[in-house]
Structure formats: structure tokens, C-alpha cells
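All remarks here apply to the structure that follows.
Only the coordinates and a few stated rules stand behind these numbers; no lab work does. In this text the structure is predicted, and so the values were computed from the model without any measurement. Cβ atoms come from the backbone with ideal geometry, glycine included; neighbour counts cover every protein chain shown.
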Amino acid sequence: MTAKLPQIKISLTYETMGKKAAHEIAELLKQKPHAVIGLATGTTPLSMYDELRRIHREEGLDFSKATFFNLDEYVGLSGEHPQSYRYFMQEHLFNGLGVDDSQINIPNGMAKDLRQECEEYEEKIRKAGGIDLQVLGIGGNGHIGFNEPGTPFDLRTHVVTLTPETRKANSRFFNGDPEQVPAFAITMGPATIMNAKKVLLLANGQGKMNAVFEALKGSTSPQLPASVLQLHPDATFYLDRTAAKDFDKYFIPATHKITPMPVIR
Ligand code: PGA
């Protein structure tokens, strides 16, 4: 594949960022109702999920033929656990889109043989024809999925040990106690993500500014996992203006196709 610099789309607000990204998914589904869509958890995609639910409810966009694959899941939490990513997706998106269980794929963190679960997950993606569009958030340390700094770019779905940094960041969902955050997770690897035909990375807020900047500038390095996207042929960064502060000073709009987005109400 021929790499091309990621496009950067900057929105004034978090809500607009989510709406613009949702519209890209809606467009894909209109053209390809059987699309295979990779999704992410976290607070970042919530405004996008709100908009997708609205589009389904008010505009009748049909999600019933699509297939969904999530990036990651904690090891040791069942889908009924309120902090599992399976539960999160049901609450924030799938219930509102009327999708059936058979359309949903999320790694099983309760699998007896985790390595086999990872291999089977890759196989399911292959059998579905590969991911058409993958949504990503980014960690303050540049992680994508649960691929922490240092993850080799050629890894596919694998089991990871979460860093203290990530467990601390996610402890806000576990009574503020990092010890309650599972120590392991299953995640698509950088190579799985890079195989997606299109990638949308969403980031908002000042806490993401440095990671986004580092991911886009200079060389690629496993120390900054999101920097692998510089090698992707079709990646777009949807940012709010705080995550993209001063970008115009460092990036040339023509080469990075920086597009300031109008506010959508
Ligand atoms: P967040 O997490 O959306 O909750 O900020 C993103 C991530 O860590 O990948």
C-alpha cells in the first residue's frame, strides 16, 4: 500500500468532531450496507455514537446488515460487567441502532485460552472480508486500542499487560481505584488496525494534544503507537481545536489536508 499523510479535520467543538466522524460512517453504510466497521470505547467516541443513534432514529439509516468488530476488551470481565467494553458498546451504541448480537464481535475476555481467542478473532475479521473502517481513540501516551508504547507494529490481536498509566487513566470507571482495573486485556494489534481499509482517529481535549502532535510529526516509532498511522494509505484525524492547538504553525495545510470544520448545530 502507498502511504499518504493522514488528513487532519479540526472542529471547533467536541460535538462537531463527533458529528463529522459519524457522517463519514453513515456515508460508508449508505454506499455499502454490509460494511465491516471497527469500533472503539472510551469517552472520545461518545459524541459520534450520539450522532449515529440520531441518524438511525431520525433518518432511518439501516445498520442491520453491517458487521462490527471492537478493538479490545478487558481480560476477566464478562459482557454483563458494567465496565466491560461489551456492556459499554451495548449501552452507548448497539441498543440505539437495533443491531443484533450476531452482528457484534468483541474479544471474549473470559475465554479459557486467550491466545486461541486472539487467533480466532483475527480469523473472524478475515472471514468477514476485513475491516472497511476502523475508529480509534488515542491515549495520552499515544496508545491505540491497548497497544502501549513499545508494541511492535507487526503484532496482530494479542494479550497485553496494561501499564500503570493506563490503569490509572481508566480507574475513573472503577471507583477511582487503579487496582480494580483489570491488569490484562485483549486488543487488536497495530497490524490488525493497519489492515483496515480506512482509519478514523478521534481526539479531543488538551490532554491528547501532545500525543496527537507526536503521532503526526516526524518519524514513526513503536514508542508512539499512533504514529504507525503515518504509514496508512487512508487515515483521517478528527480533532477538536484543543487537541489540535497550534497545528497550523507546524503542519502545512496543503500536505496534511488540514480542514477546519464549520460548527454543526
Ligand atoms: P478516552 O480513551 O476516549 O477515554 O480518552 C481513549 C484511549 O485511551 O484510547
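The distance between label points at Glu165 and Lys32 comes to 3.4 nm (points 7 Å beyond Cα on the Cα→Cβ vector).
Charges were assigned to the Cβ only: +1 to each Lys and Arg, -1 to each Asp and Glu. The resulting dipole of the chain about its Cα centre is roughly 800 debye. Among Pro225, Pro107, Pro233, the largest mean-square fluctuation in a Gaussian network model of the chain, built with springs joining Cα atoms closer than 10 Å, belongs to Pro233. Across the range 12-114 the C-alpha pair distances fall into 5 Å bins from zero in the proportions 2, 13, 22, 25, 18, 11, 6, 2, 0, 0 percent. Applying 1/(1 + (r/R0)^6) with r as the Cβ-Cβ distance of Ser219 and Ala183 and R0 = 22 angstrom yields a FRET efficiency of 0.10. For the range 80-103, backbone nitrogen atoms closer than 18 Å to the point 7 Å from Asp62 Cα along Cα-to-C-beta are found at 97-103.
The C-alpha radius of gyration of the chain, expressed as a fraction of 2.2 N^0.38 Å, stands at 0.94. Distance between Cα centroids, the range 183-197 to the range 20-93: provide it in whole Å. Comparing the Cα centres of the range 183-197 and the range 20-93, I get a distance of 17 Å. Extension gain, Ser102 to His81, is 5.6 nm, computed as 0.36 nm per intervening residue step minus the present C-alpha separation.
Less than 5 angstrom separates the built amide H of Asn105 from those of Phe68, Phe69, Asn70, all sequence-distant by 5 or more or on a different chain.
Most simply put, the chain has about 25% antiparallel DSSP beta bridges, counting only bridges with both residues inside it. Test of understanding: extend the Cα→C-beta vector of Thr43 to 7 Å, then name every residue of the range 118-147 with backbone N under 16 Å from that spot. It comes to 137-141, nothing else.
Within the same chain, lysines fewer than 8 places from Lys245 are excluded, and of the rest, those with a Cα less than 27 Å from its Cα are Lys4, Lys9, Lys19, Lys20, Lys168, Lys198, Lys208, Lys217, Lys257.
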